[in-house]
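All remarks here apply to the structure that follows.
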Amino acid sequence: MTIAKPKIVVSACLDLQPVRYNGLFVKDDFVIKLKNYCEFITICPELSVNLGVPRDRIIVYKSDDDFRLYQTSKNIDLTDEMRSFSNKFLNSLSGFDGFLLKGKSPSCAIGNALVYKDKEAKVYHAKGRGMFGAEVIKKFPNFPTEDEGRLKNVNIKQNYLIRIFSIANIRESMLKINNIKGLMEFHRENKYLLMAFNQQKLKAMGSLIAKYQKDSDFEETKKTYFDLFVSSLASRTSKGKYLNVLQHIFGYFSDKLNPNERNYFISLTEKYFNNIVDLKTLIEILKIWSYRFEDKYILEQTILSPYPDDLG
Ligand code: SF4
């Protein structure tokens, strides 16, 4: 199974570009590794609104029901300029799979920027989004968007990787699929992946394909399927949902295994539930059995290899 190459929009300072307010960049080992497997579309919103490097501090503050972006030292309100740049940039994007933005930034943060009570920036109000990060989430709520800090959490990282590589897979596949048979095959290969995220949408995608008629508009069906797929992956997943998928796949082999193998796998699923064993370990065992029993249907399931092993 070949793994697609995601295209992700990345804060330029995370891609080792010296564009931060102080002329430095951020060195993050995971981002450096990720670049080997992804295409980065880099952007520095603050440079794009001509703030230059180095630059004075800018802040986000709450103003009535809105948030403003402000450069205190020069008494400049940058809100309209940043929103206008963000909308223009985001509207120009196509064929991408997600975002990786710098945390804690008044421009790029997706949830942990310091938001002040007023433009004096002496009293802290709450944590919130940077001005660019807020526009990203408003315009693309279903696309995976994370910051480098949150990706230190292994569950958040795995979920992000599954989503960006799966969206890259459907984006690349849709360029090649030109009939309903091709779409059915894609759907079959992604059945257990989708089941781990959203069973209702999995069914809706199956019924979209089942209802397809000779005179249906195939491009329209593909688009609806793509949107359902991406929104499905935006659903909250859980250990319970993954466990359900693991048990379904295990069901393909259980009567071919000896009692010790069966019991050992069941004990590992309990350990997974209790955070002692991770999901990858169980998936690797199922992968070994699908090779051993030459189960082509399971071997083709994308959930068995959702992203390159190197990425953790
Ligand atoms: S956090 Fe965003 S705005 Fe700030 S330097 Fe990095 S890319 Fe530029």
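The values are calculated or read from the model by the stated rules, or taken from the named source; none is laboratory data. Since the model is a prediction, treat every value here as computed from it, not as a measurement. Positions of Cβ are generated from backbone atoms using ideal geometry, with glycine treated the same way; all protein chains shown enter the neighbour counts. Keep in mind that these areas ignore ligands, DNA and RNA; they rest on the heavy atoms of the full protein, side chains included. Shrake-Rupley method; radii C 1.70, N 1.55, O 1.52, S 1.80 Å.
Overview of results
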quantity	calculated
Virtual spin-label span in nm between N91 and K223, 7 Å along Cα→Cβ	1.8 nm
Square roots of 5 times each gyration tensor eigenvalue, C-alpha, the chain, largest first, Å	41, 23, 17
Antiparallel DSSP beta bridges within the chain, percent to nearest 5	45 percent
Dipole moment magnitude, nearest 20 debye, the chain about Cα centre, only Lys, Arg, Asp, Glu C-beta charged	360 debye
Table column - 3J(HN,Hα) (Hz), region 268-278, Karplus curve with 6.51, -1.76, 1.60, x for Gly and Pro	5, 5, 5, 5, 4, 4, 9, 6, 9, 10, 9
For I76, distant residues with modelled amide H under 5 Å away	Q71
Proximal lysines relative to K223, as straight alpha-carbon distance under 23 Å, when same-chain residues fewer than 8 apart are discounted	K5, K7, K138, K139, K176, K181, K191, K201, K203, K211, K214
Difference of contour (0.36 nm per residue) and Cα-Cα distance, I156 to Y291	45.7 nm
Accessible area (Å², per residue) of the chain, counting only protein heavy atoms and a probe of 1.4 Å	50 Å²
Kirkwood-type radius of region 155-312, with distances r between different C-alpha atoms, in Å	16.6 Å
GNM top mover of N169, N112, N178 - the chain, alpha-carbon springs below 10 Å	N178
Cα pair distances exceeding 24 angstrom across region 7-152, given as percent	27 percent
Other-chain or far-sequence residues with amide H under 5 Å of H125's (modelled H)	V115, Y116, K117
Value of [θ]222 nm, deg cm²/dmol, for the chain, DSSP H segments ≥ 4, -39500 (n - 2.57) each, nearest 500	-14000 deg cm²/dmol
S63 long-range amide H proximity, modeled H, under 5 Å	R68
The chain: relative contact order in percent, alpha carbon pairs under 8 Å with at least 6 residues between	16 percent
